[in-house]
Structure formats: C-alpha cells, structure tokens
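To start, the structure under review is shown below, and the notes come after it.
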Amino acid sequence: HHFPGKQHILFAICMRMQTDFNAEVIPELLASRPPDEAIASAVRRHVLFGQRRKGEVVVNIRERRSLPAEQLAQVNGLRREYRDTMARVIEAGCRQGSFRVGDPKLAAMAIVDMINGLPHWFRPRDEQDLERVADLYARAALALLRGWETDPVS
C-alpha cells in the first residue's frame, strides 16, 4: 500500500480497526437475547478485541484526534454507532426492569470508557487471565446498570 502521508495511514488504521470492531461487537448487542446477556456478551467481546488488536486500539484511542475534521467525523461516527447501539439495549433493559439508570447514553459511555482503559495497562499472563478479566468487566458493567444511582451527590 502507498499512502500520501502519515494522516492517511492513521486514518486507514482507525477506520479498519473501528469497522472490524463494530462488525465483531455490535452483533452481540443486536442478537435476540435479554438485554443483560447482550450487554455482558458485548463487554466480553470488547475486552477480548481490545487485547487482540491492542496496538490499533491504542492508536485509535490516543491519536485519532490528529485526523483532519472530515476523517475524524467518519471514525467518530463508527464509534457513536457502537455507543448508541449499546444505549438502546440499556434503554430496553430499563423498560424491562433489568437495569436502573436514568441516562442510558451516559451509562453506555461509562462502560465503553471503562473498557477502553484496559489496553493501556492490562498485560494478561495467559488466555485464562484474559478470560477472567473479560468476565469481571462484564459483571462490573451489569452491576453498574442494575444499581447506578442517578441522583446528584449531596
């Protein structure tokens, strides 16, 4: 491949990573299953993807803001697609009584941010360690959704 400049390379990395991520993780949210199972499955898949494609994920998280506005908008559009899909599943869980959050979009952002921090520090010892952390993060996301107090802190 020939790229005319560094920003074209960055854009290609970010777009490919985010497109692959969405193709792998969003179906977990859209599968016909209860919202809590969909969220847990998507969180696990997000954690596993983040470790498998750690280099690209970290570049996308840290460097995408260096992209020109039009390219950044494309990458961010893909990121929003994931977040908004998760928020819709959270809304469904709230309607069904499985989740208790006042702002599903904010809850989705909190979950995504929690997972996106992982590739910066987590170095699994082996596959079992990675699976354990993926399960832990899935449980943490569900705990947040099942009992997040949305009243202002006094």
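Readers should treat all values here as calculations from the given coordinates under stated rules, not as data from a laboratory. Since we're looking at a predicted model, the values are computed, not measured. Cβ atoms come from the backbone with ideal geometry, glycine included; neighbour counts cover every protein chain shown.
Take 53-60, 120-127 and order them by the average number of nearby Cβ atoms within 10 Å per residue, most first; the result is 53-60, 120-127.
Taking Cα atoms, how many degrees apart are the long axis of helix 54-63 and the longest axis of the chain, rounded to 10 and kept between 0 and 90? That works out to roughly 80 degrees. Dipole check for the chain: with +1 at the C-beta of Lys and Arg, -1 at the C-beta of Asp and Glu, and the Cα centre as origin, the magnitude is about 280 Debye. Would you order Ser41, Ser66 from fewest to most other beta-carbon atoms within 10 Å of each residue's own beta-carbon? Ordered by Cβ neighbours within 10 Å, fewest first: Ser66, Ser41. Is the range 6-147 best put as rounded, prolate or oblate by its Cα gyration tensor, with a ≥ b ≥ c the root eigenvalues, rounded for a/c under 1.5, and otherwise prolate when a/b is larger than b/c, oblate when not? Since a/c reaches 1.5 but b/c is at least a/b, the shape of the range 6-147 is classed as oblate.
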